[in-house]
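Undergrad: What follows is a structure written as structure tokens; I'll ask about it next.
The values are calculated or read from the model by the stated rules, or taken from the named source; none is laboratory data. Just so it is clear, the structure is predicted and the values come from calculations on it, not from any experiment. Because the Cβ atoms are built from the backbone with ideal geometry, glycine has one as well, and the counts that use them run over all protein chains shown.
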Amino acid sequence: MSFCLGAFTFDGCVNYRTGYVDFSTKSHELFTETIKILNTVGIRPDFISKQADHFGRWVIRFRKHENLRKCLALFEPMTKKWMRLSDHVFGPSGNARDMGELLKKFDNAYPRVNSRALTFSDVIRAVQKLKKPTSGEVSSCIERGYTTTYEFLRKLERWGVLNSGNQFQNMYRKIWEINENCEEWRVPI
């Protein structure tokens, strides 16, 4: 388990949007040994690559909720990766008094990794700006695909930052809005 802790803490990652845990390496030997050790400790990957990707990397991925919960043991506790995974498994445990503090905490926990990367703060700002938008309207505003946008919106709703509701104007529309009760917000620490 100590081997896995070291390998995942340094070479593993936790996806911002999905919370999936990935381990990738160019060493086929490290890849196969890691799989053996994971099986020995009872943490079975949801995906194991059958061949290296176009960068020569072998990938192990965890997607199922029960496996993600077990993956907490693969990261050094209280590190950024461990905290991010904990947020996705249990929901964030922090709070914020106002929108400024909320955005600051999200930006700290989920920083923009490159100029084109989408952040939770981008989605929150879009909902705030558009005032009761549909998922499609948020998607257009942030210039991302519908599925990606919807995943961010649903996660923010589960964390109490957003509320959704139904609106009927000639047809059914799901709309999003900022939850005005900041006591219900669950934000990263």
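Undergrad: Given the condition free of Cβ contacts under 8 Å to residues at least 12 places away in the same chain, in the same structural domain as residue 85 (by TED's automatic domain parsing) and within 24 Å of residue 113 (Cα to Cα), answer yes or no: does some residue in the range 10-27 qualify?
TA: Yes, the conditions are met somewhere in the range 10-27.
Undergrad: Going through the range 134-154 one residue at a time, which ones are under 18 Å from residue 115 (Cα atoms) and outside any helix (DSSP H, G or I)?
TA: Selection gives 143, 144, 145.
Undergrad: Also, quick follow-up: Could you give me the residue pairs with C-beta distances under 6 Å whose first residue belongs to the range 55-82 and is under 23 Å from residue 28 (Cβ atoms), whose second residue is assigned to a strand (DSSP E or B) and among the small types (Gly, Ala, Ser) wherever it lies, and which are 6+ apart or on separate chains?
TA: Pairs that qualify, where the first residue is under 23 Å from residue 28 (Cβ atoms) and the partner is assigned to a strand (DSSP E or B) and among the small types (Gly, Ala, Ser), are 57/24; 59/24.
Residue-wise test of (1) at pLDDT 95 or above; (2) closer than 20 Å to residue 19 by Cβ; (3) not assigned by TED's automatic domain parsing to the domain that holds residue 172.
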{"position": "48", "(1), (2), (3)": "yes, yes, yes"}
{"position": "59", "(1), (2), (3)": "yes, yes, yes"}
{"position": "76", "(1), (2), (3)": "no, yes, yes"}
{"position": "79", "(1), (2), (3)": "no, yes, yes"}
{"position": "104", "(1), (2), (3)": "yes, no, no"}
{"position": "126", "(1), (2), (3)": "yes, no, no"}
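Undergrad: Now for a separate question. Give me the residue from the range 155-179 that is assigned to a loop (DSSP other than H, G, I, E, B) and at pLDDT 95 or above and, out of that set, nearest to residue 86 (Cα to Cα).
TA: Taking the range 155-179 as the starting set, the residues that turn out to be assigned to a loop (DSSP other than H, G, I, E, B) are 159-161, 169-171, 179.
Next, only the ones that are at pLDDT 95 or above stay: 159-161, 179.
Values: 159: 13, 160: 16, 161: 17, 179: 22 Å.
Residue satisfying both the conditions and the ranking: 159.
Undergrad: Follow-up question, since we're still on this one. Which of the residues spanning the range 166-187 are among the basic types (Lys, Arg) and surrounded by 15 or more Cβ atoms within 10 Å (Cβ to Cβ)?
TA: Matches in the range 166-187: 173, 186.
Undergrad: Of all residues in the range 138-165, which are without any contact (Cβ under 8 Å) to a residue 40 or more places away in the chain, out of contact with any Phe, Trp or Tyr (no Cβ under 9 Å at 6 or more places or on another chain), surrounded by fewer than 20 Cβ atoms within 10 Å (Cβ to Cβ) and not aromatic (Phe, Trp, Tyr)?
TA: Listed by number, the residues that qualify are 140, 141, 143, 145, 147, 154.
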